[in-house]
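First up is the structure itself, then whatever we jot down about it.
The values are calculated or read from the model by the stated rules, or taken from the named source; none is laboratory data. Everything numeric here is computed off the predicted structure, so don't read it as measured data. Counting neighbours? That spans all protein chains shown, and the Cβs are built from the backbone with ideal geometry, glycine included. Only protein heavy atoms, including side chains, enter the accessible area calculation; ligands, DNA and RNA are left aside. Shrake-Rupley method; radii C 1.70, N 1.55, O 1.52, S 1.80 Å.
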Amino acid sequence: DAGITQSPRYKITETGRQVTLMCHQTWSHSYMFWYRQDLGHGLRLIYYSAAADITDKGEVPDGYVVSRSKTENFPLTLESATRSQTSVYFCASSESAGAVNEQFFGPGTRLTVL
Amino acid sequence: GDSVTQMEGPVTLSEEAFLTINCTYTATGYPSLFWYVQYPGEGLQLLLKATKADDKGSNKGFEATYRKETTSFHLEKGSVQVSDSAVYFCALSKGGATNKLIFGTGTLLAVQP
């Protein structure tokens, strides 16, 4: 299907486990982003990528790792999950840089860390 | 640093009522401003945007005007419907090499029939 997809949509894991959230887009957009959504905080940027093999930290990167070996995929890994990482995670993409460019969002992954 | 402040929710309205959701921003330079909407169980989608002062963004009956003098981008709709029930996020971007969005905390709108 065309667009931006995330998997899994729901995930329950335990403290200390490694978890990988997947993001795939079919538009060949250069830019991809990971946000977390928490009540009272809105969406906060975790990591972003300007192109394959180029990634950089956002506002809240601690405890997360990303990679981007292919333009269409941007996985987010929690190396050792903590309860504070319970959240809804959104992936987004945009065609290029520039303040006028729209970001397109995936449907989100709801992660619960027990 | 740059930030966006939105009015606290939830906002509860009856169908056909007038809607205003306040948004103010703090930023250096000349950001672009956005309203995104999140329907229940879905990701965010762009509702409207404005890229320079005095621009008016509009879509689906919603409007917002970029007011640099008051650093505001308030969302308005003349007559809301039940289907408008969602969370609304105000955001800014300064573009550049990163194209990062800075979001407000979101405002939940509930429209009752």
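For trypsin sites (Lys or Arg not before Pro), the sites in the range A:32-95 that DSSP calls loop and that have at most 16 other Cβ atoms within 10 Å are A:Lys70.
For the range A:29-114, report the % of Cα-Cα distances exceeding 20 Å. I get 30 percent for the Cα pairs in the range A:29-114 exceeding 20 Å. Computed on the Cα trace of the range B:2-93, the radius of gyration divided by the Kirkwood hydrodynamic radius gives Rg/Rh = 0.95. Solvent-accessible area lost on pairing B with A (1.4 Å probe, both sides summed) amounts to about 1800 Å². Modelled spin-label separation between B:Ser58 and A:Asn73, with each label point placed 7 Å from Cα along the Cα-to-Cβ direction: 4.6 nm. Projecting the Cα atoms of B:Gly41, B:Gly29, B:Ser93 onto the dipole axis of chain B, where Lys and Arg carry +1 and Asp and Glu carry -1 at the beta carbon, places B:Gly29 farthest toward the positive end. Solvent exposure of B:Thr24, expressed as accessible area, is near 50 Å², computed with a probe of 1.4 Å over the protein chains only.
Each label point was placed 7 Å from the Cα along the Cα-to-Cβ direction; for B:Gln112 and B:Asn22 their separation is 2.4 nm.
In this Cβ point-charge picture (+1 for Lys and Arg, -1 for Asp and Glu), the protein assembly as shown has a dipole of about 340 debye about its Cα centre.
Charges were assigned to the Cβ only: +1 to each Lys and Arg, -1 to each Asp and Glu. The resulting dipole of the range A:1-73 about its Cα centre is roughly 120 debye. Restriction of the GluC sites (Glu not before Pro) in the range B:1-63 to DSSP coil positions whose beta-carbon has at most 16 other beta-carbons within 10 angstrom yields B:Glu8, B:Glu15, B:Glu16, B:Glu42.
When the GluC sites (Glu not before Pro) in the range A:47-114 are filtered for DSSP coil states and for at most 12 other beta-carbon atoms within 10 Å of their beta-carbon, the remaining sites are A:Glu79. Using a probe radius of 1.4 angstrom, the carbon and sulfur fraction of the accessible surface of chain B is 50%.
Distance between the pseudo-spin-label points of A:Val88 and B:Glu42 (7 Å out from Cα toward the beta carbon): 1.3 nm. What is the local net charge at B:Pro113, summed over the other residues whose Cβ is closer than 13 Å to its Cβ (Lys, Arg +1; Asp, Glu -1)? Combined, the nearby Lys, Arg, Asp and Glu give -3. For the residues B:Met7, A:Met32, A:Met22, a 1.4 Å probe over the protein chains yields an accessible-area ranking, largest first, of A:Met22, B:Met7, A:Met32. At a probe radius of 1.4 angstrom, the accessible area of the range B:41-113 per residue rounds to 43 square angstrom. Just checking the listed ones, B:Ala27, B:Ala91, B:Ala50: in the Gaussian network model of chain B with Cα springs under 10 Å, the one fluctuating most is B:Ala27. Each other residue within a Cβ distance under 14 Å of B:Val11 adds +1 if Lys or Arg and -1 if Asp or Glu, for a net charge of -3.
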